[in-house]
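Visitor: Dropping the structure in here first, questions after.
Laboratory data are not the source of any read-out in this text; all were calculated from the coordinates shown. The model shown is predicted, which means the values in this text are computed figures rather than measured ones. No Cβ is skipped: glycine too gets one built from the backbone with ideal geometry, and neighbour counts run over all protein chains shown.
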Amino acid sequence: MKTDTLQRRLVALTFLLPLLWILGFMLLPYSIILVFSFWQQEYPSFVPDFQIGNYVKLFVEPQFVTVILSSAFTATMVSVAALILAFPFAYYLVFKVKSARVRMAIYIAVIAPLWVSYLLRAYTWKTILGSEGILNSALVWSGLLDGPTDVFLYNRFAMVLTMTYIFIPFMVMPIYTALEKIPRNLIEASADLGVRPLATFARVIWPLAIPGVLAGATFTFCLSLGDFIAPILVGGANGMMIANLITSQFGTALNWPLGSALSMFLLFIVLIIIELSNRAAPADRIALG
Amino acid sequence: MIEISNVTRVFSGSVLALDNVSLTIAAGEFVTLLGPSGCGKTTLLRLLAGFDAPTKGSILLAGADVTNVPPYDRDVNMVFQDYALFPHLSVGRNVAFGLERLKWPKARVAVAVREALDMVELSDKIDRMPHELSGGQRQRVALARALVRGPKVLLLDEPLSALDAGLREAMQVELKRLHQKLGITFVMVTHDQTEALAMSDRIVLMRNGRVEQVGSPDDLYNAPASAYVASFIGTTNLFDGTVAESSPTALVVDTAAGRLHCSARVDIERGAAVRIGVRPEHLRLAEQAGDASRNTLSCRIEDALFHGSLTRYRCATGPEARPEQLYWDWQKSAHPDGTNRPAKGSTVQLHAPPADMFVFVQGAAA
């Protein structure tokens, strides 16, 4: 009897801690931000209120609309670039690399940068693309350029490049997993039924890889949409993204209600995308076996 | 239809999966590649399908050399062990999958798919997804998908191994019926000897990458070429012995189980090391046998395995100190009234008829 109660209490305690964590550090802050988003700014402070003026502002003030659209565009570019690079890479790893050990080694090499500081990885590109950077030095040395140029840094290209580099593991991982799960005999069955390799790719491999592609695209899009370090480091004057806007509202602009509304809007967009990607790839339709 | 000549397949430089295999399969035959795992039977089937190419040797299909022809250009289709149905396509689209390249009009494809599914009695499942089907139904979809293209040869890779016992027997009958109806060549791989015996026109028994014996089920069962074949197909009691006497009229062998008289063989000399095989069902009670003066073994019954129509007894025979194990089948049909059914622990006199014994020369075929 006694050990029974003790065990039950232990189990309850085990679940209590993560529950408290989620309540205290996720749900509570979200709620506070949600409440803030309806407040009213009265410079230099803000007062409790319940009005949607902050949200309306996001859609009517050109400054905000521009940043939101530009962020979405950048995030889309990053997703597309990452997909174009990651898919052939994962395909090559899964189907062409014969040795399991080599495959694992390359896979880990792709994942390993995730353990390196994000800031450091973003900063790396500043030193590569900058006017004193490696790229410029190489171009000048080879004679292609007379002197260093600054066209590589502080623009959307630099941002997309940096974020693609940083987030590509999140595209590789789900695609690799999806491709690896495809039974080899499906590819053999397709060939056996007279279908050539290219058509087999289109009719068997690609449809079965879609869940992985969607998951990867969701990760990269959402992560780059909410990124704020790459814009600061390599984005330049016009590289501002939603997250930078949020930072400035909570900082220099001192408009917490508007910053909160922006945060909620970003969260909402991300949730919508996750839901859409879940719906686009119903698990049971792809169930193997 | 199929001519396999001196085919050798070496994996990763050193593993010899097929060792100089030659085999001819006639059009319309039902041939089974039988053997334990690792004997090369699946490798051979994959060479026929074109998923793999031989290291040496050639494969002819309907007179044309297909040794290095990719699978998508071969007139063969395969039923995979775990069916390999496309999980993202419905039953109907799975069956139609291989028809796309033929560029048939839509209506013709629809008719062909319908007919193929009718053949396996699954037309009502045409819009289902593979995961909604039972194992047996998936098996039949795989069969319809392979047959709809009208191949010259159907390859079957352990097609029944994933089914439960009852379903397996029904599918054996079903496959034989389809084979007779379609008249095309079937090449099946299995490790199950009862399946091979029940279904095949000819069995190719393989071992360590070589063909051990090719023949009808009857040949392999009643005239095994080696002790290995005798023990792989059915059950055979094997005794090592030395030839004590060999003449045009008699062959006498001394074994651990006692002195045995076999049918005369002119090719075996006195003193040769041989292995004697006798099947459990060929042993009978000495009191019922006609001439029981020879080849009568005194057997102590150790265990009984009841199989319904027969009871298989595990007996010990030979010298008390080092007894030899021996299986004996007591057939119910031979004793309709249930008499003479020995009890465990009792001793019976069993007669081994000389004509039913196999004699294998040791060393020649181990």
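Visitor: Pairs of Cα atoms under 8 Å, at least six residues apart: use those to get the relative contact order of chain A, whole percent.
Guide: On the way: 304 pairs, mean separation 75.0, N = 289.
That works out to 26 percent.
Visitor: Can you work out D for chain B in µm² s⁻¹ from Stokes-Einstein, where Rh is the Kirkwood radius over C-alpha pairs, the temperature is 20 °C and the viscosity is 1.002 mPa s?
Guide: 92
Visitor: Here is a further query. Can you give the FRET efficiency to the nearest 0.05 for B:GLU287 and B:SER161, using r as the Cβ-Cβ distance and R₀ = 41 Å?
Guide: 0.40
Visitor: Then there's this: Which of B:PHE80, B:PHE186, B:PHE11 moves most in a GNM of chain B, Cα contacts under 10 Å?
Guide: Taking springs between Cα atoms under 10 Å, the residue moving most is B:PHE11.
Visitor: Please identify the cysteines of chain B that lack any partner cysteine with a Cβ under 4.7 Å from their own Cβ.
Guide: Taking the Cβ cut-off of 4.7 Å, the unpaired cysteines of chain B are B:CYS39, B:CYS262.
Visitor: In chain A, which helices (entire DSSP H runs) extend 24 Å or more along their own long axis, judged by Cα positions, while averaging at least 0.0 on the Kyte-Doolittle scale?
Guide: The answer, listed by residue number, is A:2-22, A:62-91, A:156-181, A:206-225, A:256-280.
Visitor: Within region B:143-168, find all residues whose amide N lies under 17 Å from a label point positioned 7 Å from the Cα of B:VAL111 along Cα-to-beta-carbon.
Guide: Only B:148-150 fall inside the zone, counting backbone N under 17 Å.
Visitor: Next question, about the same structure. A:TYR123 to A:ILE210: extension gain in nm, 0.36 nm per residue of separation minus the Cα-Cα distance?
Guide: This chain segment gains 28.0 nm when fully extended.
Visitor: Which three lengths, in whole Å and largest first, does region A:1-105 cover when its Cα atoms are put on their principal axes?
Guide: Result for region A:1-105: principal-axis Cα extents of 65, 63, 19 Å.
Visitor: Between region A:124-157 and region B:1-20, what is the C-alpha centre distance in whole Å?
Guide: 58
Visitor: Further, regarding this structure: Taking every residue in B:213-224, how many Cβ atoms of other protein chains lie within 10 Å of its Cβ, on average? Present the calculation step by step, with values, prior to reporting the outcome.
Guide: Details: counts 0, 0, 0, 0, 0, 0, 0, 0, 0, 0, 0, 0.
Across the residues of B:213-224, the mean count of other-chain Cβ atoms within 10 Å is 0.
Visitor: In peptide B:66-75, what is the residue-averaged number of other protein chain Cβ atoms found within 10 Å of each Cβ?
Guide: 3
Visitor: Would you compute, from DSSP H runs of 4+ residues alone, the mean residue ellipticity of chain A at 222 nm, taking -39500 (n - 2.57) per run and dividing by the full residue count, rounded to the nearest 500? Don't skip to the end; give the middle numbers.
Guide: Details: 14 runs with 198 residues, N = 289.
That calculation yields -22000 deg cm²/dmol at 222 nm.
Visitor: While we're here: What number, in percent, do you get for the relative contact order of chain B if the mean sequence gap of Cα pairs under 8 Å and at least 6 apart is divided by its residue count?
Guide: Averaging sequence separation for qualifying contacts and normalising by length gives 15 percent for chain B.
Visitor: Dividing the Cα convex hull volume of chain A by residue count, how many Å³ per residue is that?
Guide: Taking only Cα atoms, chain A has a hull volume of 234 Å³ per residue.
Visitor: Tell me which of A:VAL47, A:ILE84, A:ILE32 sits at the most positive position along the dipole axis of chain A, charges placed on C-beta atoms (Lys, Arg +1; Asp, Glu -1).
Guide: A:ILE84
Visitor: I've got another one for you. Given B:ALA257, B:LEU326, B:ILE301, which one lies farthest toward the positive end of the charge dipole of region B:235-361, if we put +1 on the Cβ of every Lys and Arg and -1 on the Cβ of every Asp and Glu?
Guide: B:ILE301
Visitor: Mind jotting down the distance between the C-alpha centroids of region B:269-318 and region B:201-243, whole Å?
Guide: Spelled out, the Cα-based centre of one part sits 19 Å from the other.
Visitor: Around A:ALA230, under 14 Å between beta carbons, what's the net of Lys plus Arg minus Asp minus Glu among the other residues?
Guide: Once all neighbours under 14 Å are counted, the net charge is +2.
Visitor: How far apart, in nanometres, would the label points at B:ARG322 and B:THR24 be if each is projected 7 angstrom from Cα along the Cα-to-Cβ direction?
Guide: 4.7
Visitor: Please tell me the relative contact order of region B:1-135 in percent, rounded to the nearest whole number, where contacts are Cα pairs under 8 Å and at least six residues apart. Mind showing how you got there, number by number?
Guide: On the way: 159 pairs, mean separation 27.5, N = 135.
Computed value for region B:1-135: 20 percent relative contact order.
Visitor: What is the dipole size for the protein assembly as shown, taken about its Cα centre, with +1 at each Lys and Arg Cβ and -1 at each Asp and Glu Cβ, in debye to the nearest 20? Before the final figure, lay out the partial values.
Guide: Working: 56 positive and 54 negative charges, 102 e Å.
Rounded to the nearest 20 debye, it is 500 debye.
Visitor: Within 10 Å of each residue's Cβ, count the other Cβ atoms and sort B:GLU132, B:GLU281, A:GLU188, B:GLU269 from fewest upward. Mind dumping the intermediate values first?
Guide: Values: B:GLU132 14, B:GLU281 17, A:GLU188 20, B:GLU269 10.
Exposure proxy ranking, most exposed first: B:GLU269, B:GLU132, B:GLU281, A:GLU188.
Visitor: Something else now. Taking every DSSP beta bridge that has both residues in chain B, what percent is antiparallel when rounded to the nearest 5?
Guide: Of those bridges, close to 75 percent are antiparallel.
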